[in-house]
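The values are calculated or read from the model by the stated rules, or taken from the named source; none is laboratory data. On a predicted model such as this, the values are computed, not experimentally measured, just so you know. Cβ: placed from backbone, ideal geometry, glycine included. Neighbour counts: every protein chain shown.
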Amino acid sequence: MIRHVNIPVFIPHLGCPNQCVFCNQRTITGTSKFCADDVRDIIEDALNTIEEGTEVEIAIFGGSFTGIDFDLMCRLLEIAYSYILAGRVSSIRCSTRPDYIDGHILSTLKKYGVKVIELGLQSTSDKVLTLTKRAHSFEAEERACKMIVEAGFELVGQMMIGLPGSTLELEEETARFIASVRAKGARIYPTVVFRNTELCDMTENGSYVPLSLDDAILRSARALKIFKDAGIPVIRIGLCASDNLSAPDTYFAGPNHSALGELVENEFYYELIKEKIEKADVIGPQSVTVFGSRGSLSKMIGQKRKNKLRLIDDFPLISFSFAESADVEEYDVRLQYEERK
């Protein structure tokens, strides 16, 4: 299998028309300054650490890329595209907002070899979008997704869990929407409250209550299930773990856990196993072996055996064992029953 590596180029806040209540790009990216003259050095430094034969992609993240000054955008694209022409990089991806997508922008991105557009689709609820000051509507999201896919780009939807005014049901609707627009990938970000944001002020005055870690895990797992049922890869769950995201002068509240993605996958497997046992309508004492795909054993059992212990409590007449099998697809399980005498 060919290894894939992204070279991230961060452009914090460039192009953003306003600041959403949850956003502090300096905190998330670890940088507040940007200089276009540094981009080539960033790419060269990264390429010097990457083994030959690796599929390399330049990823322009951090701000709303298609909303920055058009000449600057083209300058950055020209730099990135030169590495494609030289055969040192295979493609480019960028992240942006739905309201900064139009025909001219898409034709420009196509000209410079952009393959993937990651779109901030935090919620499909106009109420949530208003409360978070996204400054666009769900209609803008629908329009942007349609244009991106029809223009031949790969679309990745970025959604958030636990925003002001949001609910589990609204988040499931958002995940289903991303699946419905033929997205090629998704990111799930439970809302974390950082200092120096309006959301921090809202938390302090009680107008916003952050999700607990358990709630964030449960709600993220529900979105994950929708994506997996639709065959859509989930690229990331939660923010990248780093020291600056957990430091007291940075982090204020909310589900900021270094292993959040793993915990969400554990919850996904617990719900999946439980659902399959309930559908099987097991009667009487049984021994059940739960088979998962290669590499899924720890996810099925859960951290500190949490899933196994919960399943034992849920089904006291069943004894559980877990194993991996090459015959089981990723994010699926197969149950083998044996009656106990």
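Worth a mention:
- Candidate set from region 189-214 (those that are assigned to a loop (DSSP other than H, G, I, E, B) and of a type in the set (S, T, N, Q)); member that is farthest from Phe252 (Cα to Cα): Ser207
- Residues located in region 322-341, provided they are hydrophobic (A, V, I, L, M, F, W, C) and either on the phi > 0 side of the Ramachandran plot or assigned to a loop (DSSP other than H, G, I, E, B) (or both): Ala326, Val328
- When Gly120, Gly103, Gly87, Gly113 are checked against the criterion of being among the small types (Gly, Ala, Ser) and crowded, with 19+ Cβ neighbours inside 10 Å, Gly120 stands alone in meeting it.
- Out of Ser82, Ser123, one residue alone is outside any helix (DSSP H, G or I) and either farther than 30 Å from Val209 by Cβ or at pLDDT 95 or above (or both). It is Ser123.
- Close pairs (9 angstrom Cβ cut-off, 6 or more residues apart or separate chains): under 19 Å from Gly261 (Cα atoms) and in contact (Cβ under 8 Å) with a residue 60 or more places away in the chain in region 182-211, surrounded by 16 or more Cβ atoms within 10 Å (Cβ to Cβ) and basic (Lys, Arg) anywhere: Pro190/Arg219
- Answer residue from region 156-188, given it is part of a strand (DSSP E or B) and surrounded by fewer than 22 Cβ atoms within 10 Å (Cβ to Cβ) and is nearest to the chain's Cα centre (by Cα) among those: Arg187
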